[in-house]
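Step one of this worksheet: look at the structure below.
The values are calculated or read from the model by the stated rules, or taken from the named source; none is laboratory data. Predicted model, so just to flag it, every value in this text is computed and none were measured. Please note: Cβ atoms are built from the backbone with ideal geometry, for glycine as well, and neighbour counts cover all protein chains shown. When the accessible area is computed, the model is the full protein with side chains, heavy atoms only, and any ligands, DNA or RNA have been set aside. Shrake-Rupley method; radii C 1.70, N 1.55, O 1.52, S 1.80 Å.
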Amino acid sequence: MSGEQQRSARAGRSPTAGSRATDICDLAPAYVRAIAPYQPGKPISELARELGLDEAGIIKLASNENPLGVSPLARRAIENSIAGLSRYPDGNGFELKQALSRRLGVAQECIVLGNGSNDVLEMAARAFLAPGLEAVYSQHAFAVYPLAVQGAGAAGAEVPAKDYGHDLAAMRRAITAKTRLLFIANPNNPTGTFVGARELEAFLSGLPGEVLVVLDEAYNEYLPKEFRYDSMAWLERFPNLVVTRTFSKVYGLAGLRVGYACAAPGVADLMNRVRQPFNVNSVALAAAEAALNDTDFVRASYELNLNGMRQVTDGFKQLGLQCIPSFGNFVSFRVGDGAGVFQRLLRAGVIVRPIASYGLPQHLRVTIGLESENRRVLEALKKILAN
């Protein structure tokens, strides 16, 4: 045996002549290699480059961002926080937690901060899932749920939707002895469906205590007043409940990435153990605390969305398009050839969201924008459908 063959044998490699060296990527866990990365909405700059369009003439209604922009109070806090950028942020986020504690009526030790609500969703998966365990989520629900489950090496059970939303009875039947996590988006993204408080509370009451329920309320602030409920009050009764929310939507801070979870102290402690140190930057912490207190901005955002939803859905009706009734700041509508209409809207300088990856290839999702933006979408669709 040659010296090279001996070295290969000692390293555990086959000495066969001409054998290909191992690709290091092949040694990563199979469940990681199988992950299909999350696809965000197309940026305005990317579309401008691709089609040679003027950025100023493009509207983006693809990512459920607040069309009013940033809260004025948050903007002021951002400007004031710049002087401290040479320092690490408060890794515990004390002041933001204190503000959330006062607003929500939960103890600070029950709050977990995240780099957007996606971050806290993944913390729950990392803390409670492992290979050999399972999680349950609905068809047509947020794409991060299966990604978080897969990233933890666990198995996902996707339950068929009912009227585009969560079938809680079927989700209950899908629970097995291996189930440790169950995700509910309320309102749901991308379909906008909503589960009422009474039905949701009854569902929680009937679940095994060893199944952690993650109630994702990213669009909670857009709920009409008659549908609102206090999920935070349920935390004492249901120690297996985690409620997640975000500052990316109604508070207008999508670019700063701030989210949070509220849970029983023990659950929050476990989530904090897998949380990255300094996962929320100092500018984001200051902006979120200020935005939380900007009730005028939140009210204006809510009212703009309410009026815009009426404008968009009435427009769809006039165009003969069916839409899924939505409780968020977006609406999904059926166009038949979703991919084709999406491309034609892009050429018109209008970015919406195709949702074929959610099992809805005939639908598109559009964020409710300013009155002028909503009108632009409807006018573009009218021309496309006429040809």
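Given +1 at the Cβ of Lys and Arg, -1 at the Cβ of Asp and Glu and no other charges, the dipole of region 305-374 around its Cα centre is 140 debye to the nearest 20. Rolling a 1.4 Å probe over the protein heavy atoms gives region 315-362 an accessible area of 43 Å² per residue. Just check region 177-280 against the gyration tensor rule for me: Cα atoms, a ≥ b ≥ c as the square roots of the eigenvalues, rounded for a/c under 1.5, and otherwise prolate or oblate depending on whether a/b exceeds b/c. It comes out oblate by the Cα gyration axes. Once backbone amide H atoms are built at 1.01 Å from N, Val159 has Tyr137, Ser138, Gln139 as its partners under 5 Å, excluding neighbours fewer than 5 places away on the same chain.
Filter the chain for me: DSSP H helices, axial length by Cα at least 20 angstrom, mean Kyte-Doolittle hydropathy not below 1.6. List them by residue number. Provide the component values of the computation, followed by the final result.
Numbers: long enough: 295-319 (36 Å, -0.50); 371-386 (23 Å, -0.49).
Membrane-span-like by this rule: not one helix.
About the centre of its Cα atoms, the chain shows a dipole size close to 620 debye [charges on the beta carbon of Lys, Arg (+1) and Asp, Glu (-1) only; nearest 20 debye]. For region 132-161 versus region 229-264, the spacing of their alpha-carbon centroids is 20 Å. Simple rule: put +1 on each Lys or Arg Cβ and -1 on each Asp or Glu Cβ in the chain, find the dipole, and look at Ala34, Leu53, Ala202; the Cα lying farthest toward the positive end is Ala34. Here the chain has 52 percent of its accessible surface on carbon and sulfur atoms, given a 1.4 Å probe and all protein chains in place. In this structure, Ala300 and Ile24 have a Cβ-Cβ separation that, at R0 = 51 Å, corresponds to a calculated FRET efficiency of about 0.45.
Counting Lys +1, Arg +1, Asp -1, Glu -1, what net charge surrounds Lys178 among other residues with beta carbon under 11 Å of its beta carbon? Once all neighbours under 11 Å are counted, the net charge is -1.
Work from the charge dipole of the chain (Cβ charges, +1 for Lys and Arg, -1 for Asp and Glu, about the Cα centre) and give the residue of Val280, Tyr251, Ala174 farthest towards its positive end. Selected residue: Ala174. Its DSSP H runs of at least 4 residues, each contributing -39,500 (n - 2.57), put the calculated 222 nm mean residue ellipticity of the chain at -11500 deg cm²/dmol, to the nearest 500. Close amide H contacts of Gly359 (hydrogens built in the peptide plane, cut-off under 5 Å, sequence separation of 5 or more or a different chain): none are found. Between the residues Gln311, Gln139, Leu370, the greatest Cα displacement towards the positive end of the dipole of the chain, with unit charges on the Cβ of Lys, Arg, Asp and Glu, is found for Gln139.
With the cut-off at under 13 Å, measuring from each backbone N in region 95-109 to a point 7 Å along the Cα-to-Cβ line of Ala233 picks out 105. A 1.4 Å probe, protein heavy atoms only, puts the accessible area of Arg310 near 120 Å². Spin-label model, Ser372 to Gln98: label points 7 Å out along the Cα-to-beta-carbon direction sit 4.2 nm apart.
Rounded to the nearest whole angstrom, the semi-axes of the ellipsoid equivalent to the chain, taken from the Cα gyration tensor as √(5λ), stand at 35, 29, 24, largest first. Taking every C-alpha pair closer than 8 Å and separated by at least 6 residues, the mean separation divided by the residue count of region 251-327 gives a relative contact order of 34 percent.
Taking a threshold of 32 Å on the Cα-Cα distance, which of the pairs Lys162/Lys382; Lys225/Lys317; Lys97/Lys317; Lys60/Lys178; Lys42/Lys178 fall above it? Among Lys162/Lys382; Lys225/Lys317; Lys97/Lys317; Lys60/Lys178; Lys42/Lys178, the Cα-Cα distance tops 32 Å for Lys97/Lys317; Lys60/Lys178; Lys42/Lys178. Note that region 357-366 has calculated 3J(HN,Hα) couplings of 5, 8, x, 10, x, 9, 10, 10, 10, 10 Hz, one per residue in order, obtained from phi through the Karplus relation 6.51 cos²θ - 1.76 cosθ + 1.60 (θ = phi - 60°); glycine and proline are x. Per residue, region 84-142 exposes 44 Å² of solvent-accessible protein surface, assessed with a 1.4 angstrom probe and all protein chains in place. Charge dipole of region 207-331 (Cα centre as origin; +1 on each Lys and Arg Cβ, -1 on each Asp and Glu Cβ, all else neutral): 240 debye, rounded to the nearest 20.
For Phe330, the residues whose modelled amide H falls within less than 5 Å of its own, excluding neighbours fewer than 5 places apart on the same chain, are Ile368.
Per residue, region 155-227 exposes 40 Å² of solvent-accessible protein surface, assessed with a 1.4 angstrom probe and all protein chains in place. Give the shape of region 105-177 as rounded, prolate or oblate, defined through the alpha-carbon gyration tensor: a ≥ b ≥ c are the square roots of its eigenvalues, a/c under 1.5 means rounded, and otherwise the shape is prolate if a/b is larger than b/c and oblate if not. Verdict is prolate for region 105-177.
Of the residues Ile24, Ile184, Ile351, which exhibits the maximal mean-square fluctuation in a Gaussian network model of the chain defined by a 10 Å Cα contact cut-off? Fluctuation is largest for Ile24.
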